[in-house]
Amino acid sequence: MSQTKRTGGQLIVDALEDQGAERVFCVPGESYLAVLDALYDATVPVTLCRQEGGAAMMAEAWGKMTGKPGICMVTRGPGATNASAGVHVAQQDSTPMILFVGQIARDMRERDAFQEVNYRQMFGSIAKWVAEIDQPDRVPEMVARAYHVATSGRPGPVVLALPEDMLLEMAEAQRVPAMRPVETYPSEQQMAEFGALLEEAQRPFFILGGSRWSEQTCDAFRAFAEKNNLPAGASFRRQMLFDNKHACYAGDVGIGINPKLKARIENSDLIVLLGDILSEMPSQSYSMLDIPVPAQKVVHIHPGAEELGRMYLPTLGINASPAGFVEALAKLDLKQQAGWKAQVEEAHADYLAWSGARPRVTGDLQMAEVMEWIENNTADTTIFTNGAGNYATWVHRFHRFRKYNTQLAPTSGSMGYGLPAAIAAKLKFPERDVVCFAGDGCLQMTIQELGTAAQEGANIITVVVDNGIYGTIRMHQEREYPGRISATTLQNPNFAELAKAYGFHTSTVKTAEEFGPAFEAAKASGKPALLHLHLDPEAITPIRSLTQIREASLAMS
């Protein structure tokens, strides 16, 4: 199907509509004015962001929630370098995303033109594919390919550079229908081998992670685990993949892992990695499984064939997506081992004891009590977002995720992610409550996106846990160089007053007793809200204070 002549900018927007793009996140720039003009007539809504890093993180969060590429548009040079933060999140988190970058005119290349960057070199190690669209008639082809690359195998980011003069050229172009991700399935022989390995195992354990999941896939896997009394854990920041209150759930395999869960995995005789690659954080710095040959039998199921055997030589490697593999699981008729039921009960009991503890910490604000209020007073469909920092420990350890698409957090450990992700979540699911947890340092990485939330009417609730320090780094500092404090103390603004200037409803919270009424008032306000929590810097973890970490380090030295 052909069409009348269109500008390159119009063809970009046409292609996005043909591929089913739901929203564009952008910071405008003169290098892609022709695309911005074409968006004026488009059906795709545009969210105007305040900084390219925030825009890219919103697009990444959209890709996480939908399984379809989140779309981000930025200008050349500084716009692209700022956006690289979100591209890196997408790469490490296996999230489909497409970044469109304005580019210098084609006849100015290799002259160090204004804001000139070689994007193939810049993004080459963190994007699945980087290309420049030099001919307007190839726009539909290239955009369709970008969708295919971003969603197939192990999903990830694609970067397309758009020369400014190409966007002004007129051309006729073939329309390309919407691409569909290629699903991969295990063979009957592989499933028979998997079934035999599972039936032989005395202490099997499943670790769920990665992307390309859906609510239906999660439900189907949970039914399989329940039917066969099999324990399952979720990889780092993927807790939403399995109902945390379900009898088969054993806990999250991430930072600050339950020691009993770590021992259970190490003593397992069959580990099934479903969708995950078990990188540094979930593997406890690559200590739980030997590389390249694990001591345990390992079945690795992953949609990216290149990931099988890359770190761990599996007993059985299966190139299949979570959806494809779980569909085949439903047909598997297992003979259970006698000890499986007792093991799954013990694993879940260990998790409940670990996540149900309510330790007291130094200071007036008790975060365990805050989390207990949240557990008792928020819906199972509430979406929780966070970036990086020790404050996130309270969410990861004490919140029990029940539903798919209720967690947005970067496995890449990127600060500043929680606020943009929350905005994207509220735009996607306006009927659901969205709660952003952010540390004082984390929030200030993307704090300007408060303006985006206000402009979009995204009524998120941002919970700022303010301890006046870069807490994670201070913790490591006290452990490695006790008493030698360097570059980790923050002089912060009054976050409540700052958010109020953006039109937010705000409250200051200094005790756990104040949190519940403040949260309810935030929900009732009908506005974006920010709760400014003041936490004693000594309360750096649920189990150890900064002083205890320092004293232990000094004692060892």
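Under a 5 Å amide H cut-off, with hydrogens placed 1.01 Å from N, Phe236 pairs with Val253 among residues at least 5 apart or on other chains. For every other residue with a beta carbon closer than 11 angstrom to the beta carbon of His505, add +1 if it is Lys or Arg and -1 if Asp or Glu, then tell me the sum. Neighbour charge sum, excluding His505 itself: +3.
For the pair Ala487 and Arg544 in one chain, pulling the backbone fully straight at 0.36 nm per residue adds 18.3 nm over the alpha carbon distance.
3J(HN,Hα) couplings calculated from phi for region 114-121 with the Karplus curve 6.51 cos²θ - 1.76 cosθ + 1.60 (θ = phi - 60°) are, in sequence order, 3, 6, 6, 9, 8, 6, 5, 6 Hz; Gly and Pro show x. The residues neighbouring Arg400, those whose beta-carbon lies less than 13 Å from its own, together hold a net charge of -1 under the Lys/Arg +1, Asp/Glu -1 convention. Relative contact order of the chain: 12 percent, from C-alpha pairs under 8 Å at least 6 residues apart in sequence.
For region 392-440, chymotrypsin sites (Phe, Trp or Tyr not before Pro) are listed when DSSP marks them as loop and at most 13 other Cβ atoms sit within 10 Å of their Cβ; the list is empty.
Working from label points 7 Å from Cα in the Cα-to-Cβ sense, the Arg310 to Leu554 distance is 4.5 nm. Charging the Cβ of each Asp and Glu at -1 and of each Lys and Arg at +1, and nothing else, the dipole of the chain about its Cα centre rounds to 700 debye. Between the beta carbons of Asp290 and Asp37, assuming R0 = 45 Å, the FRET efficiency works out to 0.20 to the nearest 0.05. Electrostatic bookkeeping for Ile540 treats Lys and Arg as +1 and Asp and Glu as -1; over the other residues with beta carbon under 10 Å from its beta carbon, the sum is -1. Computed per residue of the chain from DSSP H runs no shorter than four, each worth -39500 (n - 2.57), the mean residue ellipticity at 222 nm is -11000 deg cm²/dmol. Ordering Val463, Gly195, Ser486 by Cα displacement along the dipole of the chain toward the positive end leaves Gly195 in first place; charges were set at the Cβ atoms of Lys, Arg (+1) and Asp, Glu (-1). Extension gain, Arg175-Ala342: 0.36 nm per intervening residue step, less the Cα-Cα distance, totals 54.3 nm.
The string of couplings for region 542-557 from the Karplus curve (6.51, -1.76, 1.60, θ = phi - 60°) is x, 10, 9, 8, 4, 4, 5, 5, 5, 5, 5, 5, 5, 5, 5, 7 Hz, one whole number per residue in order, with x for Gly and Pro.
Across region 483-492, coupling constants 3J(HN,Hα) worked out from phi with the 6.51/-1.76/1.60 Karplus curve, θ = phi - 60°, read x, 9, 7, 9, 6, 10, 9, 10, 9, 9 Hz, and Gly and Pro carry x. Rounded to the nearest 0.05, the FRET efficiency derived from the C-beta distance between Lys331 and Glu226 at R0 = 22 Å is 0.85. Site-free segments of the chain were taken between GluC sites (Glu not before Pro) in DSSP loops having at most 10 other Cβ atoms within 10 Å, sites themselves excluded; the longest one is 111-430.
Can you give me the Cα centroid spacing of region 377-408 and region 165-197 in angstrom? Taking the Cα centre of each part, region 377-408 and region 165-197 sit 31 Å apart.
Scattering from region 286-348 was approximated by placing one identical point on each alpha carbon and applying the Debye formula without solvent; log10 I(q)/I(0) at 0.18 1/Å stands at -0.89. Heavy-atom surface analysis with a 1.4 Å probe gives region 440-547 a carbon and sulfur content of 51 percent of its accessible area.
A Förster distance of 25 Å, applied to the separation of the beta-carbon atoms of Lys245 and Trp373, puts the FRET efficiency at 0.90.
For the chain, the share of DSSP beta bridges that are antiparallel, to the nearest 5, is 5%. Ordering Gly324, Phe25, Ala220 by Cα displacement along the dipole of the chain toward the positive end leaves Ala220 in first place; charges were set at the Cβ atoms of Lys, Arg (+1) and Asp, Glu (-1).
Any idea which of Thr541, Asn386, Leu99 is furthest toward the positive side of the dipole for the chain, if Lys and Arg beta-carbons carry +1 and Asp and Glu beta-carbons -1? Checking the options against the dipole of the chain, the answer is Thr541.
Pick out, in residue order, every one of the trypsin sites (Lys or Arg not before Pro) in region 483-533 that is DSSP loop and has at most 13 other C-beta atoms within 10 Å; say none if there are none. Sparse-neighbourhood loop trypsin sites (Lys or Arg not before Pro): Arg484.
Mind running the shape call on region 386-502? Use the C-alpha gyration tensor, a ≥ b ≥ c as the square roots of the eigenvalues: rounded below 1.5 for a/c, prolate if a/b tops b/c, oblate otherwise. Since a/c reaches 1.5 but b/c is at least a/b, the shape of region 386-502 is classed as oblate. Average projection, convex hull of the Cα set of the chain: 26.6 square nanometres.
Can you tell me how region 12-72 classifies by the Cα gyration tensor, rounded, prolate or oblate, using a/c under 1.5 as the rounded cut? Cα axes put region 12-72 in the oblate bin. When +1 charges are put on Lys and Arg Cβ atoms and -1 charges on Asp and Glu Cβ atoms, the dipole computed for region 1-153 relative to its Cα centre reaches about 240 debye. Here the relative contact order of region 165-313, from alpha carbon pairs under 8 Å that lie six or more residues apart, stands at 22 percent. Rolling a 1.4 angstrom probe over region 242-323 with all protein chains present gives an accessible area of which 54% lies on carbon and sulfur atoms.
Rolling a 1.4 Å probe over the protein heavy atoms gives the chain an accessible area of 39 Å² per residue. Taking chymotrypsin sites (Phe, Trp or Tyr not before Pro) across region 73-181, the ones in a DSSP loop with at most 15 further Cβ atoms lying within 10 angstrom of their Cβ are Phe114. Surface composition of region 1-104: carbon plus sulfur atoms contribute 50% of the solvent-accessible area (1.4 Å probe, protein chains only, all chains present). For region 31-68 versus region 438-496, the inter-centroid distance based on Cα atoms is 26 Å. Hey, which of these cross-link pairs are over 20 Å Cα-Cα: Lys68/Lys227; Lys428/Lys523; Lys426/Lys527; Lys64/Lys331; Lys500/Lys527? Those over the limit are Lys68/Lys227; Lys64/Lys331. Quick check: from the Cα gyration tensor, does region 28-131 come out rounded (a/c under 1.5), prolate or oblate? Judged from the Cα gyration tensor, region 28-131 comes out oblate (a/c at least 1.5, b/c at or above a/b). Extension gain, Ile473 to Glu215: 0.36 nm times the residue separation minus the Cα-Cα distance gives 89.3 nm. Would you compute the Debye intensity of region 78-203 from its alpha-carbon atoms alone, equal scatterers and no solvent, and pass along log10 I(q)/I(0) at q = 0.12, 0.14 Å⁻¹ to two decimals? Values, matching the q order: -0.57, -0.70.
The values are calculated or read from the model by the stated rules, or taken from the named source; none is laboratory data. Model, not experiment: these values are computed from the prediction. Note: ideal-geometry Cβ built from the backbone for every residue, glycine included; neighbour counts use all protein chains shown. Side chains are part of the model used for accessible areas, which takes the heavy atoms of the whole protein and leaves out ligands, DNA and RNA. Shrake-Rupley method; radii C 1.70, N 1.55, O 1.52, S 1.80 Å.
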